[in-house]
Amino acid sequence: MFFLSELEQTLRLPPYLLNQPLNEAIKGELDSLFLDKVIEKLGLCISVYDIRSIDGGLIFPGDGASTYTVRFRLVMFRPFVGEVISARLKESTKDGLRLSLGFFDDIYVPVPLLASPNHSEPDPGHKDGVRWVWEYEGENYPIDGTDEIRFRVHNVDYPPIPLEHGKDSDQKDSEQKDLKPFAPMVVTGSIDADGLGPISWWV
Amino acid sequence: MKIVEANAGALTNFEVLDLLRSRGAGKDPTRVIASVSPSEFKVFDYLEQTPACNQTGEIVHKFVDECKKYDLAKAEILNVLNMRPSSAVEVYTIIEECDSRMDEKIDEYVETIVRSLPPHPSQAEPNDETVESKEENMDAQQAETV
């Protein structure tokens, strides 16, 4: 689930940080640059693990700040395909489930990857909400928010950042866009196997 | 930004939790003074709800050693450590082609997991003592084998 990644970054250290020790100042700058951000193919940055080396400190002509080349390691949240993770239910709609880890919310379980056979019934508590029910040997097992839900990672996507707020696409997708804000990393999960789904089904 | 090494090693949930704890997460109830950012606290909160919260480095090392004889992939051991399955059906989902690879050893493996890894935090409170005594037993067994 968590991996280390080593990166190199050219960092301009603004002069108001000169009163701090170099290490701390650079750590702070790296924090503000990377923390809670998604790097494509590397995942969501959780934390700066350590700083490997700090080189340079050049002051470019006409610039009132020193520039360093920093090599450091980040803790990344990058689920691998096939991994089993436990999460909590965030949303249950006609399109499937949306799960949350607390620090990461873009986990979707589409209808084809739910435990089958299943059916949905309207959820009186939420507008547009439905409750998915797994039918197994004549018994109904609803998926509600009480338990942790285990899912298997089916796919991890890094959708490209939408560049155009174009005219024609705007009209077509405006409804969809309202529903789903842009997410830089989307995990598709599956609960269609033994041992997956709410923990109470199995324990 | 230049990516030097995309994958410089995997971390278990426990290692990440340990890192955040060493930065001071959890000690400060107001969450203002600690040098941990709000997003890191979210991760910390999640990890405190996982089986990783009661693991120690010693337990993890011991468990990884015990896993060697089952010929598992690193990712599988990592996943077992993070999930701490307590029944065969849960192990089954984590290990690929469990039928052919584990065969009859699966029950033994589940036993190993339950014995060596501390239970899920939601089940931990009532049997805290039994865990400790189990660990002592483990130590005794280890001493014997050594």
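The values are calculated or read from the model by the stated rules, or taken from the named source; none is laboratory data. For clarity, every value in this text was computed on a predicted model and none was experimentally measured. Every residue, glycine as well, gets a Cβ built from its backbone with ideal geometry; the counts of neighbours run over all protein chains shown. In case anyone asks, the SASA skips ligands and DNA or RNA and just uses the protein heavy atoms, side chains included. Shrake-Rupley method; radii C 1.70, N 1.55, O 1.52, S 1.80 Å.
I'd like the orientation of helix A:168-179 relative to chain A: the angle between its Cα long axis and the longest Cα principal axis, in ° from 0 to 90, rounded to 10. Here the helix axis deviates by roughly 70 degrees.
Taking amide hydrogens as placed 1.01 Å from N in the peptide plane, the amide H of A:LYS90 sits under 5 Å from those of A:ARG98, A:LEU99, A:SER100, each at least 5 positions away in sequence or on another chain. Take the Cβ atoms of A:ASP128 and A:LYS41, set R0 to 22 Å, and the FRET efficiency comes out at 0.05. Here the label points at A:SER200 and B:LYS42, each 7 Å from Cα along the C-beta direction, are separated by 2.7 nm in the simple model. When chain A is treated as a Gaussian network with alpha carbon springs shorter than 10 Å, the biggest mean-square fluctuation among A:GLU40, A:GLU139, A:GLU91 belongs to A:GLU139.
Both radii come from the Cα set of the stretch A:2-77: Rg as radius of gyration, Rh as Kirkwood radius; their ratio Rg/Rh reads 1.00. Across peptide B:35-45, the mean count of Cβ atoms from other chains lying within 10 Å of each residue's own Cβ comes to 5. How charged is the neighbourhood of A:ARG78? Take every other residue with its Cβ under 12 Å from the Cβ of A:ARG78, and add Lys/Arg as +1 and Asp/Glu as -1. Result for the local shell: -1. Three principal axis extents describe the C-alpha atoms of the protein assembly as shown; from largest down they are 75, 68, 41 Å.
Of the peptides A:4-16, B:14-26, A:48-60, the ranking by mean beta-carbon count within 10 Å, highest at the top, reads B:14-26, A:4-16, A:48-60. Within the shell of other residues whose beta carbon sits under 14 angstrom from the beta carbon of A:GLU135, the net charge comes to -3, with Lys and Arg scored +1 and Asp and Glu -1. Global size of the stretch B:1-96: 15.7, 46 Å for Rg and Dmax (C-alpha atoms, Rg to one decimal, Dmax whole). As a calculated quantity, the FRET efficiency between A:SER53 and A:VAL81 at R0 = 45 Å, using C-beta atoms, amounts to about 0.85.
In this calculation the C-beta distance from A:TYR16 to B:VAL4 is compared with R0 = 22 Å, giving a FRET efficiency of 0.15. At the residue level, A:ARG71 shows approximately 80 square angstrom of accessible surface with a 1.4 angstrom probe and all protein chains present.
Tally Lys/Arg at +1 and Asp/Glu at -1 over every other residue whose Cβ is under 12 Å from the Cβ of A:ARG52; what's the total?
-3
When Rg and the Kirkwood radius Rh are both evaluated on Cα atoms of the stretch B:56-128, their ratio Rg/Rh stands at 0.95. With the helix formula -39500 (n - 2.57) applied to DSSP H stretches of n ≥ 4, the protein assembly as shown reaches a computed 222 nm mean residue ellipticity of -9500 deg cm²/dmol. The alpha carbon radius of gyration of the stretch A:84-201, expressed as a multiple of 2.2 N^0.38 Å, is 1.15. Do the alpha carbons of any pairs in A:LYS90/B:LYS42; A:LYS37/B:LYS2; B:LYS62/B:LYS105; A:LYS27/B:LYS68 sit beyond 27 Å of each other, and which pairs? A:LYS27/B:LYS68, as the Cα separations exceed 27 Å there.
Here the gap between B:LYS74 and B:ARG101, fully extended at 0.36 nm per residue and compared with their Cα-Cα distance, gives a gain of 8.2 nm. Rounding to the nearest 10 and keeping the result within 0 to 90°, find how far the Cα-based axis of helix A:22-34 lies from the longest principal axis of chain A. Rounded to the nearest ten degrees, it is 40.
A compact globular protein would have a Cα radius of gyration near 2.2 N^0.38 Å; the ratio found for chain A is 1.35.
One decimal place: the segment B:THR30-B:ASP65 gains 8.7 nm when fully extended, by the rule 0.36 nm per residue minus the C-alpha distance.
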